Every structure is written in structure tokens, then in C-alpha cells.
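Participant: This is the structure I want to talk about, given as C-alpha cells.
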Amino acid sequence: MKDILLKYLDQYTSLHEQQKQEILDELQIAAYKKGTILLRQGEIPAKCYFVLQGCVRQYSIHPDGKEATSQFYTEEQAIAIFHSHKQDKASEYTIQCLEDSVLVVGDLALEMDMYKKHDQLALMTRKMIEERFGQMQAEYAAFIASTPEERFKSLLHKQPRLIERVPQHQLASYLGMTPESLSRIKKRVQ
């Protein structure tokens, strides 16, 4: 699994082999069972994650009790909750493992120490965030401008395996439609 991390260190940094090994030795990798809640809505985040294996869902629960899925994270995706802009620092989301998962676990309290010790990590993190933010902006613009069927087709194109890995009602929530509508669209498209 550490070869996945090496790929990112090679792609975004110019660290020597010894420096890369030091970083890998310091990282915590943990296995979580399906259903594990990594963060509850309203809690103050203390960790960030990088998915090595598995599928993780980000969702919020509205005051009416309805769940709204805002993101799925799969292999080689970072899970970060940006909460520092909020007065109470509480997360607006719940993060839950949908499958047995293996994650790199970062301690937010130690993040600055890690960046000071390995200055290229901060640059790597910034580059990864910038890339992901650009992708999310494009995805959001396309989502707003598309029909439910176009959203489903886009998901089929970009993340075809997600449809097999995620319960239909969560997928429908993510795509902004009811499970019944998603079922009809799936039948038309397939």
C-alpha cells in the first residue's frame, strides 16, 4: 500500500529516497470496518485521511432528518474537512466507511510539525488541494447545468465502479434525485 504513497511523493516532490522513507515511516495507516464513523456532523475534526483502499461517504443530516450525500471518496483520494472558517470549528458533515477501508490517518494537531520537518509535504499538499479544488469547481458547474440523466451518465463515465459499490439511495442523494428516478434513468441508459 505504501507504493501508492510513494507515487504521490514522486509526483509532487523531489525528495530523496531516505526522506521519502522517513515520511512513510511516520505515517499512520489504519484499517476500518464497513460502517465505521470517522467523524460525526457537529464534531470538531482532529484527523484527515487518504484512501488507500475502500469507499468512504461524506454526508450531512438536515434538520428534517433527511441525509444528503455530498461526496464519495475511493482509492487515492484525500478526505479533508475545511472547518477553520467556522466560529465553532464543527464539521458540517459525517464521514463514514461504506466498505472495509485502509486509510492513511493524519493528525491535524501534528500537521504543522510534519510540514516543518518535511517542507516539501506542504507543497505537495497544496498542489493536491489545488488540483482537487479545480476538479470540484468543474464538477459543480457541470452538475448545476446538467439534467439528472446527464449526471448519471457523467458518473458512469468518471466513476463506473461507484455504482456497484454504493447503495442506490445514497447514490441518488449524491446525484440530486430520488432513488425511484435513479432506477428509471438506469433502465433507460442501460
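The values are calculated or read from the model by the stated rules, or taken from the named source; none is laboratory data. These figures come from a predicted structure and were not determined experimentally. Positions of Cβ are backbone-derived with ideal geometry, glycine not excepted, and every protein chain shown enters the neighbour counts. Protein only, heavy atoms only, side chains kept; ligands, DNA and RNA dropped before computing areas. Shrake-Rupley method; radii C 1.70, N 1.55, O 1.52, S 1.80 Å.
Participant: Pulled fully out, how much extra length does the chain show between A31 and M1, if you take 0.36 nm times their separation in residues and subtract their Cα-Cα distance?
Facilitator: Net length gain for the segment: 9.6 nm.
Participant: Size of the dipole of the chain about the Cα centre, Lys and Arg at +1 and Asp and Glu at -1 on the beta carbon, nothing else charged, in debye to 20?
Facilitator: About 720 debye.
Participant: Under a 1.4 Å probe, what is the accessible area of the chain per residue, stated in Å²?
Facilitator: With the other protein chains kept in place, the chain gives 60 Å² per residue.
Participant: Find the relative contact order for the chain and round it to a whole percent, using C-alpha pairs within less than 8 Å whose residues are 6+ positions apart.
Facilitator: Reported relative contact order: 24 percent.
Participant: Considering only Q53, L155, I95, whose Cα is most displaced toward the positive end of the charge dipole of the chain, charges sitting on Cβ of Lys, Arg (+1) and Asp, Glu (-1)?
Facilitator: Comparing the listed Cα positions along the dipole, L155 ranks first.
Participant: Return the Cα extents of the chain along principal axes one, two and three, sorted largest first, each rounded to a whole Å.
Facilitator: Computed over the Cα atoms, the extents are 54, 36, 32 Å.
Participant: Turning to a different aspect of this structure: Relative to the longest principal axis of the chain, what angle (0 to 90°, nearest 10) does the C-alpha long axis of helix 2-12 take?
Facilitator: 80 degrees
Participant: Continuing with the same structure: For Q41 and Y115, calculate 0.36 nm times their separation in residues minus their Cα-Cα distance, and state this gained length in nm to one decimal.
Facilitator: This chain segment gains 23.9 nm when fully extended.
Participant: Moving on. At a 1.4 Å probe, what is the % contribution of carbon and sulfur to the accessible area of region 1-72?
Facilitator: 50 percent
Participant: At a temperature of 37 °C and a viscosity of 0.692 mPa s, determine how fast region 65-170 diffuses translationally according to Stokes-Einstein, using the Kirkwood radius over alpha-carbon pairs as Rh; express D in µm²/s, rounded to the nearest whole number.
Facilitator: 198 µm²/s
Participant: Give the lysines whose C-alpha is closer than 29 Å to that of K47, dropping any in the same chain fewer than 8 places away, or say none.
Facilitator: K2, K7, K20, K33, K34, K66, K86, K89, K116, K117, K127, K158
Participant: For Q53 and S181, calculate 0.36 nm times their separation in residues minus their Cα-Cα distance, and state this gained length in nm to one decimal.
Facilitator: Full-extension gain reported as 43.1 nm.
Participant: By how many degrees, between 0 and 90 and to the nearest 10, does the Cα long axis of helix 148-158 differ from the longest principal axis of the chain?
Facilitator: 40 degrees
Participant: Highest first, please rank the peptides 158-169, 28-39, 91-102 by the mean number of other Cβ atoms sitting within 10 Å of their residues.
Facilitator: Final packing ranking: 91-102, 28-39, 158-169.
Participant: Of the options Y115, A68, I81, report the single residue whose Cα projects farthest towards the positive end of the charge dipole of region 60-130 (beta-carbon charges: Lys, Arg +1; Asp, Glu -1).
Facilitator: Y115
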